[in-house]
Amino acid sequence: MIHKNSLSCRMLPATLILSVALSACVSTSPAPVVDHSSGGGNAGVKPAQPTGPGFHTVKKGDTLYSLGLEYGQDYRDIAGWNYITDPSVISIGQVLRVLPPVDTAAAASGVTTAPVASGAVVETRPLDGGAPPLVVAPAASSNTASLKREPRVNKEPYSDALYASLQKPDTASGAPVTTVTPPATTPTPPASTTTASADGLSWAWPASGKVIGNFAQTKGLEIGGKAGDAILAAADGRVVYAGNGLKGYGNLVIIKHNASYMSVYANNQKILVKEQQDVKRGAKIAEMGKTDSDTVKLHFEVRKQGTPLEPLNYLPKK
């Protein structure tokens with residue numbers, strides 16, 4: 001007797017049996033997804049912008065002139081570091097280098113140099129090991145038995161009797177030479193109109209008027225006067241800005257004195273110097289006025305690396 005189910009299996013079409021057999025041999029794990037886009041899946045990602053000390057992200061109201069004042073740099077240098085051909089055109093969100101680039105190659109190498117130490121003790125050892133080592137210490141003087149490089153000098157306290165005894169020349173050969181140091185006297189320096197800073201700068205007042213605004217109020221000094229009064233360079237330096245591109249400063253002169261210091265002269269009636277002009281302390285650079293101001297005055301600032309400092313700490317006492 002033929003079973004019904006067995007008969008059914010025998011009657012299945014050959015194509016169906018082949019299909020089932022093939023499906024039993026195929027793995028049921030999903031196929032991997034491969035990203036064939038260029039850049040390894042990083043397409044469209046913008047490179048990181050430089051940040052941190054030495055860089056500034058431009059915000060509304062910034063100009064190269066204001067950044068130069070803020071960071072204590074010549075705006076031309078900032079333009080050059082950032083390959084800007086038109087100093088009047090920068091964009092909000094643009095990242096600019098505002099401090100001088102450093103030599104990153106030297107810093108990364110870690111190579112440092114130091115002078116060779118002189119006067120080191122030299123130890124000599126015989127080859128046969130029979131005699132004890134000889135230690136040669138550096139001589140206190142460069143004199144030798146056959147060569148004299150400097151006189152032997154003995155210093156003694158000053159006294160009138162000793163000074164008188166030394167008036168006669170001593171011709172004895174080999175006798176030590178004695179020097180007498182007279183009492184030190186402190187000369188009284190003449191009255192000065194300048195003050196020297198720790199960086200070697202000598203400062204003078206930029207105007208002769210009365211102070212009408214202090215550092216706490218203005219981050220500088222407000223010096224009053226009348227229109228046309230002389231405005232003088234407070235210290236030697238180079239004019240890095242002469243114009244009226246900074247709001248609130250009017251006709252403005254900025255002088256850079258060295259790598260750290262600059263001085264600011266604002267609200268002038270007339271500017272008498274040009275950019276990149278070297279000026280000496282006391283040279284007339286402008287005339288007092290009231291541009292961008294309600295009163296005739298000079299707004300004066302001393303800045304170190306862009307930070308405003310109390311000018312009275314640099315100017316001579318009045």
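Rule-based calculations on the coordinates, nothing more; no lab input. As the structure is a prediction and not an experimental result, all values here were calculated from the model. In this analysis, Cβ positions are derived from the backbone assuming ideal geometry, glycine residues included, and neighbour counts consider all displayed protein chains.
When residues of region 276-298 are filtered for being of a type outside the set (A, V, I, L, M) and touching a residue at least 60 places away in the same chain (Cβ under 8 Å), how many remain? Residues in region 276-298 being of a type outside the set (A, V, I, L, M) and touching a residue at least 60 places away in the same chain (Cβ under 8 Å): 7 in total.
If the condition is being free of Cβ contacts under 8 Å to residues at least 60 places away in the same chain and under 18 Å from Lys284 (Cα atoms), then region 198-222 contributes only Ser208. Filtered by the rule that a residue be over 16 Å from Leu67 (Cα atoms) and of a type outside the set (A, V, I, L, M), region 224-246 gives Gly224, Gly225, Lys226, Gly228, Asp229, Asp236, Gly237, Arg238.
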